[in-house]
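Below: the structure, in structure tokens.
The values are calculated or read from the model by the stated rules, or taken from the named source; none is laboratory data. This is a predicted model, so every value here is computed, not measured. Don't worry about glycine lacking a Cβ; one is built from the backbone with ideal geometry, like all the others, and counts go over all protein chains shown.
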Amino acid sequence: MALANEMEVEAFAQCLTECADAIHERIKAAIKNREIERDQAQSMFQEESLLRQRANGLYIDAANSVVAGLTEPQDALLAAIDNANDRIQQIKEIAGFIDLVTDLAVLAAAVSAAKPAPILAALKEVKEDVDAVNSQHS
Amino acid sequence: MHAKLGVWALLLTLTLTGCANLKEVREYAGESAKFSAYTELTERFRDTYYREQPYLTGEAERLAQVNDIKRKAAYDDLLTIHQRVALYMQTLARLSGEDTFDLSGNLDSLAGGIKEHPDLGIDKQQVDAIADLANVVTRWATASQQQRAVREMIKAGDAPLQTTLQGMKRLVRYYRASHENEKRTVLGFFEVELPYVEDPEHRLLATLARAHLQAKEAEYQAVQPQYEAAAQGIERIAEGHRKLLENIDDLTSQAVRDSIKRFAKDIKAIRKDIQSIEG
């Protein structure tokens, strides 16, 4: 419905523009043949400009109608963008998990070697990784 | 020995298939994003009154003011359309980006992290071997993840994108029609007024007016091709995305990549053209 409306508005604007063009040709011819005085030419030109302003007003209406018709597609585009960003975020989370796995492996090795200092250091790393993974959710 | 060869063959296969090969999609989306961010004509539309005001009087001037308010009110919404398409394309470019789904940095730090602790009795060579294997497998897994994500985005995005691009094309048509009326108002003013100042008494005035008219004619002539170029660029973006959708399961084949590459090149060329007109 919006599209039909835009088309009609555009067609009407086009019509007014052609009218203005015709007036302009008429003024030019009249000036050339010395048929009209300056003030007459000026007032005819004002009429012509008025038609052009009316046409341009209609083009604004048609543009607004396009904008209104794009509300839904714009929302759908945004949904596709958000979805893609979620996918990128998921990969970042996996990256966070790999860091976690690294430090868990070190922790496991430290535990099996039964060395207290590396165990504490590894635990600290693991905690940081877990925090990092969690923070990506917030 | 044979087992080892087999492993290497497997690794090689995984490495090759592990490359998502979305370079052309990325280029197309990147160029489309840059093109959609081009708002010169929308700004020109907004500023119509500023340029035409000196040539208007009476009722036409009053109506022009009303139009000015309406255009300025519409401007933000018009800009949002550019921004939304640009954001969509930027996101598609990022999603198909080389590094977006690349986890090799994390895996390297995995190997490095473990090797930092020789005192724990972990064999360096083993760590390297496991890290290499993890690298290949992950790249293979993430590449297919990436392809799936890109396909999903193109499928979900195509319909709203096509509608939006068609809307943008209509807008360009209205901008152009509006620009025509502005041009004929400004240039028409001189056609009406100049014949009345042709006598020697008004030579200075007529000369100044003619010089000014020359400048205005040059200005309008320079802007004119931009409308055509903008419409062409939007059309190429739409065709490119349609092509992506049509070949959604075949995005990495050479023929599809070649044709997507052409779209990226065209869109870039049109944008460069517009910029050279401006400059």
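Taken together, the residues in the stretch B:159-176 that are farther than 13 Å from residue A:74 by Cβ and either crowded, with 19+ Cβ neighbours inside 10 Å or among the hydroxyl-bearing types (Ser, Thr, Tyr) (or both) amount to 6.
Against the condition in a helix (DSSP H, G or I), touching a residue at least 12 places away in the same chain (Cβ under 8 Å) and more than 9 Å from chain B (Cβ to nearest Cβ), how does residue A:66 come out, does it pass? Criteria not met by residue A:66. Please tell me if residue B:126 is over 22 Å from residue A:76 (Cβ atoms), surrounded by fewer than 18 Cβ atoms within 10 Å (Cβ to Cβ) and of a type in the set (S, T, N, Q). Criteria met by residue B:126.
Among the residues of the stretch B:62-109, the ones that are polar (S, T, N, Q), under 29 Å from the mean Cα position of the chain (by Cα) and at the interface with another protein chain (Cβ under 8 Å from one of its Cβ atoms) come to 3 in all. Residues of the stretch B:223-259 that are among the basic types (Lys, Arg) and closer than 30 Å to residue B:178 by Cα: B:236 alone. Exactly one residue out of A:41, A:110 is surrounded by 20 or more Cβ atoms within 10 Å (Cβ to Cβ), closer than 30 Å to residue A:130 by Cα and of a type in the set (A, V, I, L, M, F, W, C), and it is A:110. Checked against (1) loosely packed, with under 15 Cβ neighbours inside 10 Å; (2) within 8 Å of chain B (Cβ to nearest Cβ), residue A:53 passes all but condition (1). Just to be sure, is residue B:52 in a helix (DSSP H, G or I), within 13 Å of another protein chain (Cβ to nearest Cβ), out of contact with any strand residue (DSSP E or B) (no Cβ under 7 Å at 6 or more places or on another chain) and without any contact (Cβ under 8 Å) to a residue 12 or more places away in the chain? So residue B:52 fails the test. Kindly indicate whether residue B:38 is over 15 Å from the mean Cα position of the chain (by Cα) and either at pLDDT 90 or above or not in a helix (DSSP H, G or I) (or both). No; evaluated as a whole, the condition is false for this residue. Does the stretch B:44-62 include one or more residues that are surrounded by fewer than 22 Cβ atoms within 10 Å (Cβ to Cβ) and closer than 16 Å to residue B:164 by Cβ? No: zero hits. Scan the stretch B:198-213 and give yes if some residue there is closer than 23 Å to residue B:150 by Cβ and not in a helix (DSSP H, G or I), otherwise no. So far as the stretch B:198-213 goes, no, none of its residues is closer than 23 Å to residue B:150 by Cβ and not in a helix (DSSP H, G or I). Looking across the stretch B:251-265, the residues that are under 15 Å from the mean Cα position of the chain (by Cα) and farther than 13 Å from residue B:150 by Cβ come down to B:261, B:262, B:263, B:264, B:265.
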